[in-house]
Structures are given as structure tokens and as C-alpha cells.
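K.L.:
Just dropping this structure here.
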Amino acid sequence: WLVHLVGGKVPTEIDLFDWAKEVEQRGAGEILFTSMDHDGTKNGFANEALEKLSKLVNIPIIASGGAGKIEHFCDTFKNGKADAALAASVFHFKEIEIKDLKQEMKKEG
């Protein structure tokens, strides 16, 4: 997992997990983590990396990139240990209704 810049277009040699610790030390209040490999796939969030991030730092981690089903949100909270999750196209194109997502997440605890 390497950090990329400019929306994923410019790779760096910076390790994601080292960078997460550094930005927390610099005063970041949260981390918005977008996996470029998952973004747009609708196959789920990068839960393994999210879980590692959430154990590594003491600031909220927001999952981004990969939502395609309601289950993906439940999985990222349970397995990825994300504090929040975001998505765009599944809501814009009404593939997931927000009320349905809220209802399922409430049911799942």
C-alpha cells in the first residue's frame, strides 16, 4: 500500500501505514482512505487495509472506494473497522436507497 497523489495519478514511495501515523502526529483529525484499486468497482471496500489503519491510529478512518451493495457498508464497519463510509454513484443512480441502507445498518447494529 503506497500513497498516491493527484487523485491516484502520481505514485510515491511513501508507505500508507507510515504516512497514516505521521499525519496523525502532525494533527490530522481524520483520514479519508480511498483505495484506487477498489474505487468504482462496486466490489466492496479495502477492508484489510482499513482494519490495519484503524488499529494503527487513534483518529477516525473514513472508507472510500468500492461500495456497490448495502452489505459492503456493513462489512466495512464490522470487518474494516471503519468509523464512516462514503459512496457516490450507488446513491446518485439510486442503486442503493439511503433509507434502505439505514434500515439494514440499524438491523446489523
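K.L.:
Report the one residue of GLY68, LEU101, VAL90 whose Cα lies farthest in the direction of the positive end of the charge dipole of the range 28-109 (charges on C-beta: Lys and Arg +1, Asp and Glu -1; origin at the Cα centre).
P.N.:
LEU101
K.L.:
Another question, if that's okay. Between 0 and 90 degrees, rounded to the nearest ten: what's the tilt of helix 98-108 against the longest Cα principal axis of the chain?
P.N.:
80 degrees
K.L.:
Let me ask something else. With +1 assigned to the C-beta of every Lys and Arg and -1 to the C-beta of every Asp and Glu, and no other charges, what is the dipole magnitude of the range 3-88 about the Cα centre in debye, to the nearest 20?
P.N.:
180 debye
K.L.:
For Kirkwood radius over Cα pairs in Å, the listed values are [x] 14.4; [y] 17.4; [z] 15.3; which was obtained by calculation from the structure presented?
P.N.:
[x]
K.L.:
Moving on. Taking all protein chains together and a probe of 1.4 Å, list LYS102, LYS69 from the most accessible to the least accessible.
P.N.:
These residues rank, largest area first, as LYS102, LYS69.
K.L.:
What are the residues whose amide H is under 5 Å from the amide H of LEU32, where those residues sit 5 or more places off or on another chain and H is modelled from the backbone?
P.N.:
ILE62
K.L.:
In whole Hz and in residue order, list the ³J(HN,Hα) couplings for the range 78-92 that follow from phi through the Karplus curve 6.51 cos²θ - 1.76 cosθ + 1.60, θ = phi - 60°; x for Gly and Pro.
P.N.:
Computed from phi, the couplings for the range 78-92 are 6, 8, x, 6, 5, 8, 7, 9, 10, 7, 10, 4, 5, 8, 4 Hz.
K.L.:
If we sort 42-53, 10-21 on the protection proxy, mean other Cβ atoms within 10 Å, highest first, what's the order?
P.N.:
42-53, 10-21
The values are calculated or read from the model by the stated rules, or taken from the named source; none is laboratory data. None of these values were measured; they are calculated from a predicted model. So basically every Cβ, Gly included, is an ideal-geometry build from the backbone, and we count neighbours across all protein chains shown. When the accessible area is computed, the model is the full protein with side chains, heavy atoms only, and any ligands, DNA or RNA have been set aside. Shrake-Rupley method; radii C 1.70, N 1.55, O 1.52, S 1.80 Å.
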